[in-house]
Each structure stands twice: as structure tokens, then as C-alpha cells.
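For reference, the structure is listed below as C-alpha cells.
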Amino acid sequence: MAALTMATETEKAHALLQTFSTASVIASTGLGIFCFVADRFIQFSLVQHHDWLRAVSDNAVHGVVALWSWAIVIGLKKRSDFCEVIFAGFLASVIDLDHFFLAGSLSLKAALNLPQRPHLHCSTLIPVVSFSLKFLMWICKLKDSWCFLPWMIFISWASHHVRDGVRHGLWFCPLGSTAPVPYWLYIAITASLPHLCSVLMYLTGTRDMISTKHGIAIDV
């Protein structure tokens, strides 16, 4: 029994070390570089002078950052993994629809000139929704194959909010908003968020279930 326990602990330690493997560090560094390059692209006058192009480009970057982040967390070992990372990108991009919902119009001009920030941009929702979903899944005894969903929501929404925070700060209702996030801090948080998510998943035991689901010894 003691030998079995020691072997299990060794496997867990190995999985945790793989979270910071060379491949994952390279991938997260690439993510940070992508954010910097993409943000410079959006600042081009050609993009800034066309509202739809600017909005679509900005939303696309949100999606790519989220899917890239989730790819670092789970790795890309088989075709179904690509479906997951695409879904993570969708979750990050779909947040911006609340601009149109609050504006009560499909007009982009109205959506971009709101009197207040829309509801899904409240950062308080991230832990509330993630924990509530995890609790609901536990109550309903859903299969372990869905255990990734709260964490996917966490990393997709958090990456979106942190990026928006460069301009507007983070809004923690009902407490209020922070000062704008320094650009260097946004890059650092975005690049390290997949590793933070992996560590939290490890501490809560979700990492083992994700590993089993994907059939991998996590190396990215």
C-alpha cells in the first residue's frame, strides 16, 4: 500500500512538473508575443478607422488568446482536442455579444458607445459561474468527461477580461473598477494564466481526470 501511494504521488508530481515543461513555456511565451503583435496590428490606422474591422479584429484576438491558452493546458494530441480549443475561443469571443444586448440594438455604433459596461464584463462573474457550474455538475453527477468545462470558462473569460482591463481596468461589481491594467502586466498574466489554471486543476484533482480523458502524459 505504501509503495502504491508513493507511486501515485510520484505520478502526480511528474504531472505537475510537466505543467512547466519546456514545450509549455515556449508555447506561453509565444502567446505573449502573439498578444503584443496582434495589439500592434489593431492600432494600425486602417483598422482603427473602420469600426467593424476593429471590432472583429479585437474579438478575434480574444478568441485566439483563449484557444491558445486552453491548448497549453490540455495539449493537442488528437482531433477531438481541436474541438475543445475552438470551443474555448468561442467562449471568449461570445462575451462581446452583451454589448449589443445592453444597447438593445444590432448597431455597432450603439454597442461601442454604451453608458456603462455590459454584464458579462463583470469579473466577479468568473469565479461565481465557474464554482456554480462545478457545484451543479457535482450535484447532477455529470460524467468526468465534462470536468474541464468550469476551467475552460475560467481561462476563456479571464483572458478576455484581463485584455480589456488594459483600457478599462477590471470591474468587480459591486465593489467597483480597478485602475487600467499596465500593458506589461497584461502580457505577463496572459502568458502565465494557462500555468496557473493547470496548477489549480492539479490541486483540485481535476488535472488527473483531464489527463485520463485525453489519454496523455501531459507534456505541454
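Derivation of every value follows stated rules applied to the coordinates shown; laboratory data play no part. The shown structure was predicted, so the numbers you read here are calculated from the model rather than taken from an experiment. Glycine also receives a Cβ, built like all others from the backbone with ideal geometry; neighbour counts cover every protein chain displayed.
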Practice task
Counting only C-alpha contacts under 8 Å and six or more residues apart, can you give the relative contact order of region 15-214 as a whole percent?
Solution key: 25 percent
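How do His121, His50, His99 rank when sorted from fewest to most other Cβ atoms within 10 Å of their own Cβ? Numbers along the way, then the final one.
Values: His121 23, His50 12, His99 20.
If I rank by nearby Cβ atoms, fewest first, I get His50, His99, His121.
If neighbour count is taken as other Cβ atoms inside 10 Å, put His168, His160 in order from fewest to most. Let's see the in-between values first.
Working: His168 15, His160 26.
In order of increasing Cβ crowding within 10 Å: His168, His160.
How big is the Cα convex hull of region 15-214 in projection, averaged over all directions, in nm²? Please list the in-between numbers first.
Working: hull surface 48.7 nm².
That works out to 12.2 nm², a quarter of the Cα hull's surface.
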Exercise for the section: Express in nm, to one decimal, how much length is gained between Trp52 and Val166 on full extension, taking 0.36 nm for each residue of separation and deducting their alpha carbon distance. Expected result: 39.0 nm
Completion exercise
Per the rule of 0.36 nm per residue minus the C-alpha distance, extending Ile86 to Val129 adds in nm 13.5 nm
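Where Rh denotes the Kirkwood radius from the mean inverse Cα pair distance, what is Rg over Rh for region 36-138? If you can, show how the numbers build up before the last one.
Values: Rg = 16.1 Å, Rh = 15.6 Å.
Expressed as Rg/Rh, it is 1.03.
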Exercise for the section: Would you order Val162, Val129 from fewest to most other beta-carbon atoms within 10 Å of each residue's own beta-carbon? Expected result: Val129, Val162
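Based on the Cβ-Cβ distance of Ile139 and Leu203, what FRET efficiency does E = 1/(1 + (r/R0)^6) give at R0 = 35 Å, to the nearest 0.05?
For R0 = 35 Å, the calculated efficiency reads 0.95.
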